[in-house]
Amino acid sequence: MTAADVHRTILAVWRIEQPRLITGLSRMLRDVPLAEDLTQEALVAALEHWPVSGVPDKPGAWLMALAKRRALDHLRRRSMLARKHEMLTRELEQEQLAMPNPDAALDDDIGDELLRLIFTACHPRLSREARAALALRMICGLTTEEIARAFLQPEATIAQRIVRAKRTLSESGLAYETPRGEQLSERIASVLEVVYLIFNEGYTAARGDEWLRPQLCNDALRMGRVLTLVAPQEAEAHGLLALMELNASRTAARTDAAGDPILLMDQNRALWDRLQIRRGLLALVRACELGGGRGFYTLQAAIVACHARAATPDETEWPRIAELYAKLGALVRSPIIELNRAVAIGMAEGPAAALAIVDGLAGEPALKNYHLLPSVRGDLLRRLGRVAEARAAFDLASTLATNRRERELLRRRAAETSSGAPEPS
């Protein structure tokens, strides 16, 4: 294995194991920022040792064992907390004796632990933006640049938010917990947002070589299901769960055997998970029963439900989808929502009507480097027969895409457009 292969392997393992390391150490130390620092130290150690010694057979267990040793070392140095140090060290040493296989440390109920970590990161003392950024950093393993792209914000702004949030958590001594009662109500909106962002990163990865990160989707789904139990009367918790279930139902049809993306209109709908669709539709009904029919997540779930109910692409209720996007845009003004509405308008009324909307978004600062803007524009231009402009738009989109699979898809679309080959709308 070459050094480059080892480095790619380390980063792939890190993406999967980081949330497990942080949740495990947070439970032990009751200190989330310290837990994150120690996981970073474990990553640095892997980058130093694995290129020389080789990737361990159980890399997750290796990282966990090293991080636990660093945690014990830290506790021993905290002489001012001697009593707590003695108690926790004894517990950890007993745990290690009782569990000689460190891989067993990875078998916890990760859904509950991740949820507890998110609730801690979403404390009201932190700003709304800082809560989400910190959780995405710790749980998804996203870089500052990737988080900045998710929020359409400058990278320096996101970096400052994360630093301030970690400092606040460290200095305040906030409990590592899942709150109840009034404290739960104070944090639920931020927690829903973070779970939503985690699912989105798993559903369409912002960067890297793979288009999907199934583990993140699964973690978000588990947390979403737990949230509907923790807050059963919260309509948007059910709306978010509906959205995730319905989107996840298409997973088996979204990529081919090589892992390349398959666009919605080209997917084999026989591969869609009907049981998961049924669960999603039931969660959507419950959200509406609780009065959440105009909520941010419930409206999105209603949009995805239109696709889930259509046996074929031609049966899709595009006018209804456009109407729902208009309601969503009235609730949350966002150029991305308007771009999605344009896609629906293009299917319901034709590409010319949609292109007028898309061209009106060209000056939006938040979409300056957003690859889906020229991608949508390229598709509309292709359908209007403006082939040269369509190819240029797809070429531009490919240069902006930061995920390798999406970049390659857009390059293929550019090549197929110029050759006159048919493409999906």
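Descriptive notes on the structure:
- Basic side chains Lys and Arg get +1 at the Cβ, acidic Asp and Glu get -1 at the Cβ, and with that the dipole of the chain about its Cα centre reaches some 580 debye.
- Distant-in-sequence amide contacts of residue 255, defined by a placed amide H-H separation under 5 Å and a gap of 5 or more residues or a different chain, comprise 262.
- The calculated FRET efficiency for the pair residue 326 and residue 7, based on their C-beta separation and a Förster distance of 35 Å, comes to about 0.15.
- Relative to the current alpha-carbon distance between residue 278 and residue 310, full extension at 0.36 nm per residue lengthens the span by 10.2 nm.
- The mean sequence distance of close C-alpha pairs (under 8 Å, at least 6 residues apart), as a share of the length of the chain, puts its relative contact order at 11 percent.
- Unit charges at the beta carbon, dipole of the chain: most positive-side option, 346, 117, 358: 117
- Amide H contacts of residue 205: 212, 213, each under 5 Å away and 5 or more positions distant or on a separate chain (H built 1.01 Å from N in the peptide plane; Pro and chain starts excluded).
- Karplus-derived HN-Hα couplings along the stretch 15-22 (A = 6.51, B = -1.76, C = 1.60, θ = phi - 60°), whole Hz, x at Gly and Pro: 4, 7, 8, 3, x, 5, 5, 5
- Simple spin-label estimate for residue 362 and residue 145 in nanometres, 7 Å along Cα-Cβ: 2.8 nm
- Dipole-positive endmost among 409, 32, 65 within the chain (Cβ charges, Cα centre): 32
- Segment residue 255..residue 402, full-extension length gain: 51.1 nm, with 0.36 nm per residue of separation and the alpha-carbon distance subtracted.
- Of 194, 376, 52, 13, the sequence from fewest to most neighbouring Cβ atoms within 10 angstrom is 52, 13, 376, 194.
- Protection proxy ranking, peptides 278-290, 137-149, average beta carbon neighbours within 10 Å, highest first: 137-149, 278-290
- Put a dot 7 Å past the Cα of residue 184, heading toward its Cβ, do the same for residue 69, and the two dots end up 4.1 nm apart.
- Remark on residue 58: its backbone amide H falls under 5 Å from none of the residues 5 or more positions apart or on other chains, H modelled at 1.01 Å from N.
- Seen against the Cα atoms of the chain and their longest principal axis, helix 404-419 is set at about 10 degrees.
- Here the Karplus relation 6.51 cos²θ - 1.76 cosθ + 1.60, evaluated at θ = phi - 60°, turns the backbone of the stretch 379-395 into coupling constants of 5, 5, 5, 4, 5, 8, x, 8, 5, 4, 5, 5, 4, 4, 5, 5, 4 Hz, with x for every Gly and Pro.
- Between residue 57 and residue 387, the modelled labels are 5.8 nm apart [label points 7 Å from Cα along Cα→Cβ].
- Exposure proxy for 296, 199: other Cβ atoms within 10 Å of each Cβ, ordered fewest to most, give 296, 199.
- By the beta-carbon count within 10 Å of each Cβ, the least crowded to most crowded order of 368, 166, 58, fewest first, is 368, 58, 166.
- Each residue of the stretch 325-338 was assigned a 3J(HN,Hα) from its phi angle through the Karplus curve 6.51 cos²θ - 1.76 cosθ + 1.60 (θ = phi - 60°); the sequence is 5, 5, 5, 5, x, 6, 7, 10, 6, 8, x, 5, 4, 5 Hz, with glycine and proline shown as x.
- Sorted largest first, the spans of the alpha carbon positions of the stretch 331-425 along the three principal axes are 41, 30, 19 Å.
Every read-out reported here was derived from the displayed coordinates using simple, explicitly stated rules and does not represent laboratory data. Predicted, not measured: the structure shown is a model, and the values here were computed from it. We place every Cβ from the backbone using ideal geometry, glycine too, and count neighbours over all the protein chains shown.
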